[in-house]
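See below for the structure under consideration.
The values are calculated or read from the model by the stated rules, or taken from the named source; none is laboratory data. Computed from a predicted structure; not experimentally measured. Here the Cβ is made from the backbone with ideal geometry for all residues, glycine too, and neighbour counts use every protein chain on show.
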Amino acid sequence: MDDELIETDELSLHRRSLLPGKGFFYPDSLDEDRTEERIEEAVDGAEAVIITDSDADGLGCAALVREVYDATLDVGPFEKRLAEKLGSGDETDEDDDDEERSLLEDVHTKSTVALVASGPHNLEESLEYVAKHAESGAYFYICDICPDSYDAIGDSLETLVELGDAVSWFDHHQWDAEVAEAIRAAGVTLVVGESEEECTVDVALRSLDYEFDEQYQELAEVTRDHDLWLKEDERSDDLADYAYWSGPEEYATIVGTYGAALPQTVLDYVAHRRVEKEQRIEAAVERASVHEIGEWTVGVTYGRCSQNEVADALREQGCDAAVIVKPSGSASIRGSDGFQRAHEVAGQVNGGGHPKAAGCKPDIYDDMLDMAQHWTTEGQATRKVILGAFENLVAE
């Protein structure tokens with residue numbers, strides 16, 4: 001394939017927002033090999049390993065764990081690279097893992113706490129590779145991820161329990177009681193906070209046996225403000241946006257050094273990136289359609305955009321729930337005080353989450369022709385199955 005076909009930087013904003021990032025076109029079979037290689041390198045010689053979601057909440061946990069082990073990386077090279085990107089007017093809209101990896105190889109002694117960025121859809125793979133390559137006697141932490149079942153991860157998790165000194169799992173999502181019981185029975189210390197009161201950084205902060213400085217308390221508070229959609233501290237949007245636009249190592253290092261008080265270089269970079277972010281939000285809101293389903297007004301849109309802000313805008317227009325279908329085939333579902341069943345909608349279409357925030361990826365794509373139709377129809381098939389899930393709730 002011609003690289004120019006998947007490079008989106010030269011496309012108009014409209015066309016760029018309708019297509020997935022170039023990483024989507026990298027085959028899973030090749031990506032799995034690269035992922036295993038990176039995890040093997042990261043865990044080699046590590047005294048602790050953290051497997052965590054790659055958003056601000058999950059990576060904030062990584063910053064806390066590294067503080068416990070005095071293993072935070074040197075912040076200088078990351079700030080220098082940010083300043084260079086800002087000076088060049090870099091408009092790249094997805095993280096360059098190879099660039100971050102090269103930076104780490106060139107200027108750092110790697111952290112003794114390995115960071116494995118994961119997520120609900122690749123937790124099984126992450127656990128498998130860590131169990132295969134980690135050192136005996138290491139400590140293992142899993143943060144900000146809630147598994148759908150025990151069977152898919154059980155073997156790897158039991159290997160970690162046998163291999164390591166301890167396995168701790170911190171989260172704040174809504175757990176199935178049987179899954180939680182099985183994980184605890186395997187020998188894992190599982191701490192699940194109240195999903196409407198705590199973020200996972202809160203849970204890690206009170207669960208880790210360490211006296212954290214005030215900046216980490218503040219980091220938990222600001223992270224919680226965004227993760228629970230409280231919107232009372234404007235800094236929380238800075239953390240969320242920066243986590244999305246930076247690499248995992250960069251974010252964990254910056255907040256591990258500065259907490260929620262991000263340095264000016266980071267704030268300037270975030271402001272620079274927000275120009276296009278706002279344009280994408282506006283485009284997604286403009287292309288939204290509204291559906292009356294039972295007693296709920298549901299807004300549905302499509303595009304590569306910031307789903308939380310799009311959902312906020314649709315709520316301001318009177319929607320009880322918002323669905324943002326993404327070019328990759330997944331979708332975000334956001335609720336409100338008037339609709340707190342987002343996780344039930346997502347649960348019907350290969351997903352899950354919170355009552356007011358959930359995600360899913362309907363299993364409806366058989367080949368690239370299906371994906372091509374998805375892009376050219378702005379997610380018509382995905383919209384249909386998710387709206388059907390809302391209708392099922394009405395029928396119940």
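Among the residues making up region 240-271, those that are more than 30 Å from Ile39 (Cβ to Cβ) and either without any contact (Cβ under 8 Å) to a residue 60 or more places away in the chain or not assigned by TED's automatic domain parsing to the domain that holds Asp202 (or both) are Ala261, Gln264, Leu267, Ala271. If you filter region 176-202 down to residues that are part of a helix (DSSP H, G or I) and touching a residue at least 40 places away in the same chain (Cβ under 8 Å), you find that the one that is surrounded by the most Cβ atoms within 10 Å (Cβ to Cβ) is Val201. Of the residues Tyr251, Tyr244, the single one that is modelled with pLDDT under 95, in a helix (DSSP H, G or I) and aromatic (Phe, Trp, Tyr) is Tyr244. With the structure loaded, tell me whether Glu221 is assigned by TED's automatic domain parsing to the domain that holds Glu67, in a loop (DSSP other than H, G, I, E, B), within 30 Å of Ala311 (Cβ to Cβ) and not polar (S, T, N, Q) or whether it fails that test. No, not satisfied. Cβ-Cβ contacts under 7 Å between residues 6 or more apart (or on different chains), taken from a first residue in region 65-81 that is under 18 Å from Val43 (Cβ atoms) to a second residue that is of a type in the set (Phe, Trp, Tyr) and surrounded by fewer than 20 Cβ atoms within 10 Å (Cβ to Cβ), are listed as Val68/Tyr210. Listed here are the helices (runs of 4 or more DSSP H) enclosed by region 341-396 that have at least 3 residues being farther than 28 Å from Glu197 by Cβ and in contact (Cβ under 8 Å) with a residue 24 or more places away in the chain: 368-376, 380-395. Within region 128-154, if we keep just the residues that are of a type in the set (A, V, I, L, M) and under 17 Å from the mean Cα position of the chain (by Cα), the residue that is farthest from Glu47 (Cα to Cα) turns out to be Ile145.
When each of Asp237, Asp165 is tested for being surrounded by 15 or more Cβ atoms within 10 Å (Cβ to Cβ), without any contact (Cβ under 8 Å) to a residue 60 or more places away in the chain and of a type outside the set (A, V, I, L, M), the lone residue that passes is Asp237. Modelled with pLDDT under 90, crowded, with 19+ Cβ neighbours inside 10 Å, assigned by TED's automatic domain parsing to the domain that holds Ala204 and not basic (Lys, Arg): is that true of Leu104 in this structure? Yes: the conditions hold for Leu104.
Among the residues making up region 125-159, those that are outside any loop (DSSP other than H, G, I, E, B), over 22 Å from Ala204 (Cβ atoms) and not small (Gly, Ala, Ser) are Glu125, Glu128, Tyr129, Lys132, His133, Asp155, Glu158, Thr159.
Would you say Ser246 is of a type in the set (Gly, Ala, Ser) and within 17 Å of Thr52 (Cα to Cα)? Here the answer is yes, as Ser246 does meet what is asked.
Among residues of region 126-137 that are of a type in the set (A, V, I, L, M, F, W, C), those with a Cβ under 6 angstrom from a residue that is buried (at least 19 other Cβ atoms within 10 Å of the Cβ) and assigned to a loop (DSSP other than H, G, I, E, B), sequence gap 6+ or separate chain, pair up as Leu127/Ile153.
Taking the condition under 26 Å from Gly21 (Cα atoms), modelled with pLDDT under 95 and not hydrophobic (A, V, I, L, M, F, W, C), does Gly299 pass? So Gly299 does not fit the description; no.
Residues are listed down the side, and each one gets a yes or a no for (1) basic (Lys, Arg); (2) buried (at least 17 other Cβ atoms within 10 Å of the Cβ):
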| residue | (1), (2) |
| --- | --- |
| Arg315 | yes, yes |
| Val323 | no, yes |
| Arg334 | yes, yes |
| Glu344 | no, yes |
| Gly351 | no, yes |
| Tyr365 | no, no |
| Trp375 | no, no |
| Gln380 | no, no |
| Asn392 | no, no |
